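One structure below.
The values are calculated or read from the model by the stated rules, or taken from the named source; none is laboratory data. Computed from a predicted structure; not experimentally measured. Positions of Cβ are generated from backbone atoms using ideal geometry, with glycine treated the same way; all protein chains shown enter the neighbour counts. SASA here: full protein model, heavy atoms, side chains in, ligands and nucleic acids out. Shrake-Rupley method; radii C 1.70, N 1.55, O 1.52, S 1.80 Å.
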Amino acid sequence: MKSKLGVNIDHVATLRNARGENHPVLLKAAEEVIKYGADSITIHVREDQRHVNKKDALLLKKKIKKPINLEMAPTNNMVNFALKLKPKFVCIVPEKRKEVTTEGGLNLSHKNLKILINKLKKNNIEVSLFINPSTKDVINSHKLGANAIEIHTGSFANAIKTKNKNKIILEFNKIKKCKLECDKTKMKFNLGHGLDYKSTMYLNKIKNINEYNIGHFIIGESLFDGFPKVIKKFKRLLS
Ligand code: PXP
């Protein structure tokens, strides 16, 4: 199975918001990454809407043909927004107001999680849970009724960046074990956070990953090489 590539375009919105105007245009970025091979567009609408805002999300949903993967906190406010937006996928992520990026996986004992998941699923939205690389969390995600899980690859990606061999093997094995546990269920298996060419290539040793969600590196690297080269290179790595 060929893995899909979801491109997270939050950082385009961050750059746009730095000037409070409309450049670079978020819709154009989505259209470009799709043109060069992205299989879906990921956006994290944070409660404070600090990068992609609700208006952006509604416009993207109206204009683009590929699926939208909405990352959001498990709150009633965000669930109500998701029901209005009706993206193909929702990925529930933990959210701390002051964090720079999503620092870890979800706490699955979060109250109301099951109710929120059911509400989304009843409205034909596939629900993924962003979890730490723990087999216990894979099992609990299944119990909660998730359609998919996305493993937080941050620790693995950092181990690759710092070339810490023992840590690379340790973190890789954790992710591999989660895949084996996930294979006992019908849940899709996705990966994301902190990934670049090297870490993606290494993780691709694990067969049948449904989707990789990559943001910061793709947007940053595209400043030097452009979307066509960067996206096509990821697509090649995943083929
Ligand atoms: N997947 C999830 C669930 C995320 O929260 C993020 C960061 O917003 C990403 C993937 C993308 O991470 P990065 O920008 O580090 O590639």
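Kindly list the number of the only condition in (1) surrounded by 20 or more Cβ atoms within 10 Å (Cβ to Cβ); (2) part of a helix (DSSP H, G or I); (3) within 14 Å of the ligand (Cβ to nearest atom) that fails for CYS178.
Every condition holds for CYS178 apart from (3).
Test HIS142 against the stated conditions and say whether it is open to solvent by 30 Å² or more (accessible area, probe 1.4 Å) and touching a Ser or Thr at 6+ places or on another chain (Cβ under 7 Å).
So HIS142 passes the test.
Among the residues in the range 208-227, are any over 23 Å from TYR36 (Cβ atoms) and modelled with pLDDT of 95 or more?
Keep residues of the range 208-227 that are over 23 Å from TYR36 (Cβ atoms), which gives 208.
From the residues that got through so far, the ones that are modelled with pLDDT of 95 or more too are 208.
There is at least one residue in the range 208-227 that is over 23 Å from TYR36 (Cβ atoms) and modelled with pLDDT of 95 or more.
Okay, residues lined up against (1) among the polar types (S, T, N, Q); (2) within 16 Å of the ligand (Cβ to nearest atom):
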site: LYS2; (1), (2): no, no
site: ALA13; (1), (2): no, yes
site: PRO24; (1), (2): no, no
site: ALA29; (1), (2): no, yes
site: VAL33; (1), (2): no, yes
site: GLY37; (1), (2): no, no
site: SER40; (1), (2): yes, yes
site: ILE43; (1), (2): no, yes
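Filter the range 146-160 down to the residues that are over 12 Å from LYS188 (Cα atoms) and not β-branched (Val, Ile, Thr), then identify the one that is most open to solvent (accessible area, probe 1.4 Å). Don't jump to the end; show me each part of the working.
Keep residues of the range 146-160 that are over 12 Å from LYS188 (Cα atoms), which gives 152-160.
Of the ones still in play, those that are also not β-branched (Val, Ile, Thr) are 152, 154-159.
Values: HIS152: 18, GLY154: 11, SER155: 58, PHE156: 2, ALA157: 2, ASN158: 89, ALA159: 3 Å².
Step by step, filter the range 146-160, then rank; the result is ASN158.
Does LEU191 satisfy being within 16 Å of the ligand (Cβ to nearest atom), surrounded by 15 or more Cβ atoms within 10 Å (Cβ to Cβ), in a strand (DSSP E or B) and of a type in the set (A, V, I, L, M, F, W, C)?
Taking the combined requirement at face value, the residue satisfies it.
Scan the helices (runs of 4 or more DSSP H) fully inside the range 57-165 and keep the ones with 1 or more residues being away from the ligand (no atom under 16 Å from the Cβ).
76-85, 113-122, 135-143
Of LYS235, LYS186, which residue is under 17 Å from TYR36 (Cβ atoms), more than 10 Å from the ligand (Cβ to nearest atom) and either over 16 Å from the mean Cα position of the chain (by Cα) or at pLDDT 95 or above (or both)?
Working: LYS186 fails: under 17 Å from TYR36 (Cβ atoms).
Step by step, each of LYS235, LYS186 is checked, and only LYS235 is under 17 Å from TYR36 (Cβ atoms), more than 10 Å from the ligand (Cβ to nearest atom) and either over 16 Å from the mean Cα position of the chain (by Cα) or at pLDDT 95 or above (or both).
In this structure, does LYS163 turn out to be touching a strand residue (DSSP E or B) at 6+ places or on another chain (Cβ under 9 Å), without any contact (Cβ under 8 Å) to a residue 60 or more places away in the chain and more than 16 Å from LEU5 (Cβ to Cβ)?
no
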